[in-house]
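The values are calculated or read from the model by the stated rules, or taken from the named source; none is laboratory data. Small disclaimer: the values here were computed from a predicted structure and weren't measured. Methodologically, a virtual Cβ is constructed for each residue, glycine included, from the backbone with ideal geometry; neighbour enumeration extends over all protein chains shown. The accessibility values were calculated without ligands, DNA or RNA, using every heavy atom of the protein model including side chains. Shrake-Rupley method; radii C 1.70, N 1.55, O 1.52, S 1.80 Å.
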Amino acid sequence: PDRVTVSVGIALVQLALFLLVAQLPLFDLQLQGAWWMCVPIVLAGVLAFLAIGMVIGAWARTQEAAQTVGQLVVLPMAFLGGSFFPLDASPPWMQAISHVFPLRYLNEAMMDVMARGQGPLSALPEIGVLLAIAVAGTLVALRLFRWDDA
């Protein structure tokens, strides 16, 4: 619980800083519409990513193994989740693979409410997927974790 609280707190501070900096004249972001939906989107994303981290931590036997597996998950997710380039411009096979990664759903929800001008309800399906990943990941991690391995 403490780790979750700290992670959520850090994510919310980062979101606030991002929104403040993005509104500087240099970047000229104009917050409008359902921008406030970023808060529940980020919360759902943090819970999903924490659950993935718990699965990796429960499965890996050493810190080195956890770091390696974490990188094997994070790097493809970063490139295939739509953070660096629009998925619409990517090949169909890449678009299909991107559905496996929670970062895609986080990005899509944020784009819907921040850039595409869609209403707050537009982010609910992606938030639902992120929360489902969080629940499933937590249940898998609980199943894999053993105190004698710690």
Scanning for something closer than 27 Å to Phe27 by Cα, modelled with pLDDT under 90 and open to solvent by less than 30 Å² (accessible area, probe 1.4 Å), does segment 106-116 turn up at least one residue? no
Can you tell me which residue within segment 69-99, out of those that are hydrophobic (A, V, I, L, M, F, W, C) and in contact (Cβ under 8 Å) with a residue 12 or more places away in the chain, is farthest from Gly57 (Cα to Cα)? Leu87
Take Val69 and tell me if it is crowded, with 18+ Cβ neighbours inside 10 Å, closer than 21 Å to Leu139 by Cβ and either touching a helix residue (DSSP H, G or I) at 6+ places or on another chain (Cβ under 7 Å) or at pLDDT below 90 (or both). no
Looking only at residues in segment 56-66 that are assigned to a helix (DSSP H, G or I) and of a type in the set (A, V, I, L, M, F, W, C), which one is most open to solvent (accessible area, probe 1.4 Å)? Trp59
Given (1) open to solvent by less than 60 Å² (accessible area, probe 1.4 Å); (2) of a type outside the set (S, T, N, Q); (3) more than 17 Å from the chain's Cα centre (by Cα), index of the condition Gly9 fails: (3)
Among the residues of segment 12-29, are any part of a helix (DSSP H, G or I), in contact (Cβ under 8 Å) with a residue 12 or more places away in the chain and small (Gly, Ala, Ser)? no
Tell me whether segment 86-102 contains one or more residues that are within 20 Å of the chain's Cα centre (by Cα), within 23 Å of Leu142 (Cβ to Cβ) and at pLDDT 95 or above. yes
Restrict the check to segment 39-55 and report whether at least one residue is under 21 Å from the mean Cα position of the chain (by Cα), exposed (fewer than 15 other Cβ atoms within 10 Å of the Cβ) and under 27 Å from Gly137 (Cα atoms). yes
